[in-house]
1. Where residues in segment 145-169 are within 16 Å of residue 77 (Cβ to Cβ) and surrounded by 19 or more Cβ atoms within 10 Å (Cβ to Cβ), which of them is farthest from the chain's Cα centre (by Cα)?
2. Limited to segment 48-61, what total is found for residues that are assigned to a strand (DSSP E or B) and farther than 16 Å from residue 152 by Cα?
3. Looking for something under 24 Å from residue 52 (Cβ atoms), at pLDDT 95 or above and assigned to a strand (DSSP E or B) - is there at least one such residue anywhere in segment 107-125?
4. Among the residues of segment 27-47, which ones are within 26 Å of residue 135 (Cα to Cα) and assigned to a strand (DSSP E or B)?
5. With loosely packed, with under 12 Cβ neighbours inside 10 Å, in contact with a strand residue (DSSP E or B) (Cβ under 6 Å, 6 or more places away or on another chain) and either at negative phi or modelled with pLDDT under 90 (or both) as the only criterion, which of 24, 54, 29, 74 stands out?
6. Determine whether residue 97 is surrounded by fewer than 17 Cβ atoms within 10 Å (Cβ to Cβ) and on the phi > 0 side of the Ramachandran plot.
7. For the list (1) closer than 29 Å to residue 167 by Cβ; (2) assigned to a strand (DSSP E or B), I need the number of the one condition that residue 86 fails.
């Protein structure tokens with residue numbers, strides 16, 4: 001029995017060391033700098049889900065993978081975005097709610113199977129998600145043409161992101177965490193309210209005494 005238990009432990013440890021299906025890779029910290037990477041193959045979007053977690057919001061893009069020619073593979077970039085936004089090749093204005101924005105752009109990413117005459121897979125979900133989460137308020141497609149698929153994330157406040165990739169199926173997860181704006185200038189010491197009131201009272205009394213003394217002085 002002890003030998004079997006030892007063998008089982010060795011198998012578990014080795015399984016953790018060998019790259020396997022479904023394992024995820026992620027940035028360790030939230031950052032406001034662009035994040036990019038590769039997904040491989042041609043990626044057709046299947047699902048978009050968004051949730052709120054402890055301390056951050058999360059949006060996940062799930063894909064179906066189609067074979068790609070040699071040297072061709074899907075890539076992604078997550079970066080800050082600045083309005084105004086337009087809708088694809090039409091150039092029509094695209095209004096997205098939020099005070100801050102993040103762009104999630106895929107190259108060789110699609111809403112529908114680009115290979116087969118009769119599509120084998122496609123995205124059937126909404127192109128504009130009104131989410132109303134603490135950080136993530138809205139997510140909408142701004143472009144889906146010629147192998148470019150772009151989502152704009154509208155945020156209710158300034159936030160940084162952390163990107164996670166996983167396989168089987170391919171998923172890209174973007175976690176958004178509120179960013180505290182930096183304090184600029186010299187720190188101002190705080191004064192308790194009671195002390196401030198007392199200082200104002202003393203200052204007023206001194207001023208009254210000074211005015212009274214001035215009034216009593218004989219005119220030259």
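1. 149
2. Qualifying residue count for the region: 4.
3. Checked segment 107-125: no residue is under 24 Å from residue 52 (Cβ atoms), at pLDDT 95 or above and assigned to a strand (DSSP E or B).
4. If the condition is that a residue be within 26 Å of residue 135 (Cα to Cα) and assigned to a strand (DSSP E or B), then 31, 35, 36, 37, 45, 46, 47 are the ones that fit.
5. On inspection, the qualifying residue turns out to be 24.
6. Numbers: surrounded by fewer than 17 Cβ atoms within 10 Å (Cβ to Cβ): yes; on the phi > 0 side of the Ramachandran plot: no.
So residue 97 fails the test.
7. For residue 86, the exception is condition (1).
The values are calculated or read from the model by the stated rules, or taken from the named source; none is laboratory data. This structure is a prediction, so every number in the text was calculated from the model and none was measured. Every residue, glycine among them, receives a Cβ derived from its backbone with ideal geometry; neighbour counts consider all protein chains shown.
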